Structures are given as structure tokens and as C-alpha cells.
Amino acid sequence: MTNPPALPEPSPQPAPPLGPPMPPAKKKSKLPWIIGAVALVVLLCFGGCAAVLAAAGDAADEDKKVAQSAAPTPRSSAAAAPATSAAAPSYPTPKPSDFKLKVKMLDKQCFGSAGCNVEFRISDLTYSGSGLDPDATYELSYKFKGLEDPMIGTFELEGDGSYRIAEREFGSTRRSSDKVTAVVTEVEVM
């Protein structure tokens, strides 16, 4: 018995489509998820900050309540007025007579009856008033006496007592016996 020749196996046939062909599947975008996650993080951060600030405010309110409960209760309406800070000290404006200037003669050249040429400077300033404002600057005007021609000047005095004045002045006297002095004539607070 011979075996009948083998038949080739039938190749599988594709099944006919049941409907119209399906388009390829699209990938879903992750953008909405990312935006949502970022929004959530921002809300949590601001919400957390708001919670921390609210807690700090509550703690400050609690401190105020504790301080108020520790404070003595006022006995009259005058005592209930809010406390004011100590008034800043008041300084009167100095008067010209509160200042004394001392003149030092540096050089003197005399010419008989024609008088003398003199070189001098203010060597010392003293103040005899009640006090100077340490934060103020004063402008002092002064005049020299004993000179042949009138001579005036000004300088600034700081409230701490420091001042700077011309190192040398020049003038002439009528006689060799004339003495040069200086007097403060005006004080201005700057």
C-alpha cells in the first residue's frame, strides 16, 4: 500500500474585514497632567505659606494677649491713655552774649604815629549758655574791635563743640597800644 502523495497544507487566508479599517491608535498627550500637577504644587505652596503666616499671626496675637494680661489694669481714664515716648530734650537757641572769643596776636609791625599792621587769629571760643543741641550746627557771626577798619567774619560751630575758624587774619590799628578783640554778633541755627 502506497501512501497517497501528501497534499500541501492550505495556507491560511486572512479573514475578511468586519467593518471599515481602524485608524492607528493616537498617543494620549501628557500635557494636561503636567499642567494639573504644576497647578497643584503651586496651590499647595501658597496654601502652606498662608497657613504658616496665619499661624505666625495667631502667635503674635497670643503674645499680645499674654502681655496685656500681665500689664496692670488702669485705675482711671487718665492712666488708660496710651504711653508716649519720652519727649526729645529741648535746647534753647544760644544768644550772642553766651559766647566769648579770645584773640591771639601773631605779629605786629608798628610805624610810629601811623599805627601798626597786625596779624592775629581767634584762639579760643567759650560758651556759657545752658547747652547746645548735639545734632545742630550753628553759624556764628563776629566782628573785630580795635582795628582801624571794621572787620567781620563767620564760622560754623557743631553741637558737639567743634569748630573751624580762619588761621590768620590781617588788619591795622591806629596806635600801637590798641588791642584787638572779637565779639559774637549773631547766632543762627542751621
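Each value in this text was obtained by applying a stated rule to the coordinates, not by laboratory testing. Values in this document were obtained by computation on a predicted structure and should not be read as measured data. Counting neighbours? That spans all protein chains shown, and the Cβs are built from the backbone with ideal geometry, glycine included.
Values as computed for the structure displayed
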read-out: Residues located in region 83-104, provided they are of a type outside the set (Val, Ile, Thr) and exposed (fewer than 13 other Cβ atoms within 10 Å of the Cβ); value: Ala83, Ser85, Ala86, Ala87, Ala88, Pro89, Ser90, Pro92, Lys95, Ser97, Lys102, Lys104
read-out: Given (1) part of a loop (DSSP other than H, G, I, E, B); (2) surrounded by fewer than 14 Cβ atoms within 10 Å (Cβ to Cβ); (3) touching a helix residue (DSSP H, G or I) at 6+ places or on another chain (Cβ under 9 Å), index of the condition Glu186 fails; value: (1)
read-out: Unmet criterion (only one of (1) free of Cβ contacts under 8 Å to residues at least 24 places away in the same chain; (2) more than 16 Å from Leu101 (Cα to Cα); (3) of a type in the set (Ser, Thr, Tyr)) for Ser130; value: (1)
read-out: Selection from region 156-171 of residues that are surrounded by fewer than 16 Cβ atoms within 10 Å (Cβ to Cβ) and either more than 17 Å from Gly131 (Cβ to Cβ) or more than 33 Å from the chain's Cα centre (by Cα) (or both); value: Glu156, Arg164, Ala166, Glu167, Arg168, Phe170
